[in-house]
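Report on one structure; see the data block that follows.
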Amino acid sequence: MKSIYIIILFLISINISAQEIILLDTLHLQDKKKLKDKYNERKSLFLSQLNHIHDKKEVKEIKAIFEENYKDINNKIDRNELIFDSPLNNYLNDLGVSIQKENPEIPKNISILISREYSINAFNRGEGTIIVNNYLLNALDHEDQLVYILCHEMAHQTLNHVLESVTKHVQSNNSLELKKQTKQLKKQKYNQKTKAENLLMEIAYKNSAINRAKELQADSLGYVFYSRLNRDPYQVVKTLEILRDSDKEGDSITIKDYEKLFTSFKLQTKEQWFKMESFDQYNYQKNTKFNTDSLSTHPNCDIRIEKLVNHSPEIKKTIQQLAPSSDTFLKWQKSAVYQNIQNEYFAKNYGNSLYEALKLYNRKPDPLLKKWIGLNFIKLYEAKKSYELNKYISQVNIAKYTHSYNLFSTFIFNLTLSDLETICKSFNS
């Protein structure tokens with residue numbers, strides 16, 4: 001099995017270059033050390049700056065929260081969840097520099113990192129770091145939309161929204177309670193990532209009224225930054241519309257699609273694979289992250305569009321012929337969905353990886369995608385054999401998932417071990 005895995009990855013690398021699709025590798029040890037060293041320097045500088053703007057009692061508690069924030073970044077680096085020092089990083093940083101050049105009020109300490117997380121999102125961590133999820137690139141139609149998102153996040157940093165929220169939290173909450181929370185985090189051996197990130201982001205965004213005001217402020221200032229860049233005003237509206245609809249699945253796969261796919265794989269489907277039981281008996285929900293400073297959070301995007309249009313009517317329509325996106329953006333946009341399939345595979349989210357690969361292959365058959373489909377079926381066969389399939393596939397939940405995903409879940413759970421073995425052999429023959 002190991003030799004097959006190596007051969008398949010080698011074939012994938014050949015196909016990538018042929019299709020001009022670029023998949024980014026995981027961080028090597030020296031890269032991890034380089035990134036950690038960079039963030040240790042950033043941490044020292046940021047925390048030292050707090051000494052000049054807060055009294056000693058407050059600064060100690062604020063630092064405790066941001067210390068956990070930096071630990072979370074280190075943990076993400078260890079788990080290969082961040083992409084660093086890649087051509088994609090260089091592209092995003094170049095966009096960031098172009099925004100800062102025309103907007104000197106933006107802080108100079110901005111650092112943009114790319115996350116492999118499986119969601120359409122970007123967020124500001126409060127100390128100058130902006131995280132852009134790779135999956136976001138696949139959702140956008142034009143480079144101007146990505147630029148506005150960066151402007152929005154830079155506006156959050158310029159307005160010091162996260163630090164302001166943390167400071168107010170420290171001032172208004174019992175310090176003993178805060179110390180208890182941070183001490184508990186330090187004692188945790190497992191799942192520190194989620195707990196640490198949630199502590200900071202819950203503090204920053206737990207008050208929905210404050211959250212709404214801050215998002216509107218970031219929209220407004222973000223548009224001021226954007227308006228100085230000679231880009232299309234209407235793409236701001238398009239960005240918010242895309243984010244508004246980001247929870248709606250843009251693609252799906254039906255029983256007929258599975259039949260067509262398996263025929264192309266020289267296999268036949270079985271009717272019992274797609275027999276769905278009553279939805280009522282299912283209440284399992286896969287863990288989801290706390291919704292941090294997401295561009296699609298409250299207030300809803302329609303309200304945000306209305307506020308922006310009232311203030312800047314020119315964004316209602318394109319006032320100039322839209323210039324095409326740069327070739328660099330188009331390259332990364334095209335690569336993003338493939339990158340996500342790879343990211344989910346290496347994160348051991350084999351169900352998500354397979355589901356996305358099947359949907360894309362159904363639309364556009366591709367030898368590269370077929371390789372990933374085969375790799376994921378092998379992992380699910382191994383999981384089924386060891387009674388661990390639940391770790392990788394979310395069970396049917398009509399309230400949480402689309403009909404397409406529920407059908408996929410039904411299909412995978414209805415496969416017998418013998419079925420999976422046959423499927424795996426067909427991909428490796």
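What follows is calculated from the coordinates using simple rules that are stated; it is not laboratory data. Predicted model, so just to flag it, every value in this text is computed and none were measured. Cβ placement follows ideal geometry from the backbone for every residue including glycine, while neighbour counts extend to all protein chains displayed.
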Next item on the list: Return the sequence-ordered ³J(HN,Hα) values of region 408-421 in whole Hz as given by the Karplus equation 6.51 cos²θ - 1.76 cosθ + 1.60 applied to θ = phi - 60°, using x for Gly and Pro.
Entry: 4, 4, 4, 4, 5, 5, 7, 5, 7, 4, 5, 4, 5, 5
Check: Rounded to the nearest whole Å³, what is the per residue volume of the convex hull around the Cα atoms of region 82-156?
Finding: 84
Notebook entry, point to check: What whole number of Å gives the distance from the Cα centroid of region 372-401 to the Cα centroid of region 134-167?
Noted result: 34
Check: Near the amide H of residue 112, under 5 Å away, which other amide H atoms are found, from residues 5 or more places off or on another chain, if H is placed in the peptide plane?
Finding: 130
Next item on the list: Hand me the trypsin sites (Lys or Arg not before Pro) from region 307-378 located in a DSSP loop with no more than 14 other Cβ atoms within 10 Å, in residue order please.
Entry: 317, 348
Next item on the list: For every other residue with a beta carbon closer than 12 angstrom to the beta carbon of residue 379, add +1 if it is Lys or Arg and -1 if Asp or Glu, then tell me the sum.
Entry: +1
